[in-house]
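This is the structure, below, for whatever I ask next.
The values are calculated or read from the model by the stated rules, or taken from the named source; none is laboratory data. Not measured: the values here are computed from a predicted model. Note that we place each Cβ from the backbone using ideal geometry, even for glycine, and neighbour counts take in every protein chain shown. Remember, those area values only see protein heavy atoms, side chains included, never the ligands or the DNA or RNA. Shrake-Rupley method; radii C 1.70, N 1.55, O 1.52, S 1.80 Å.
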Amino acid sequence: MDAMKPNEKSIELSELKALTNRLFESLEHAGVDRIPVTQNQYWTVFVSEAFGSAEPPQATMSDVLDDLADLRSEVTDEDQETTLIAWHAFEHLSGLMKFVAHADLDGSLTAPLANSGVPRP
């Protein structure tokens, strides 16, 4: 996986997928197999407003558990397989990724290490 060249204006899907897989593999290697949901509501800006809007975006309240339920539905619904609306599924995935980042910041991702006897860095 090569770093993006200064004039390159694209991101290889295979690289993005590989980087994401490595992030989750590192969590699993550290003993994290689930993330407790202690705060499910969060503020977000919709992608349509985040990119290309001349006006400042309006924050809206979202819910991690709704994101997970909607993502499951969109990705696993066989009727939608041919008409999957990628932007909508990725909007939910984005919220879930923000949740994982938040869980790491508040220490939720390191909790299993404390109980496993594995020294924390």
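Please give the number of the condition Leu13 fails out of (1) open to solvent by 100 Å² or more (accessible area, probe 1.4 Å); (2) modelled with pLDDT of 95 or more; (3) aliphatic (A, V, I, L, M).
Only one criterion is unmet by Leu13, namely (2).
Any residue in the stretch 7-25 that is small (Gly, Ala, Ser) sitting within a Cβ distance under 7 Å of a residue that is outside any helix (DSSP H, G or I)? List the pairs, counting only those 6 or more apart or interchain.
Short answer, once both residue conditions are applied: Ala18/Met1.
Looking at Asp63, Asp33, Asp77, Asp70 in this structure, which one is among the acidic types (Asp, Glu) and within 13 Å of Lys98 (Cβ to Cβ)?
Residue meeting the stated conditions: Asp63.
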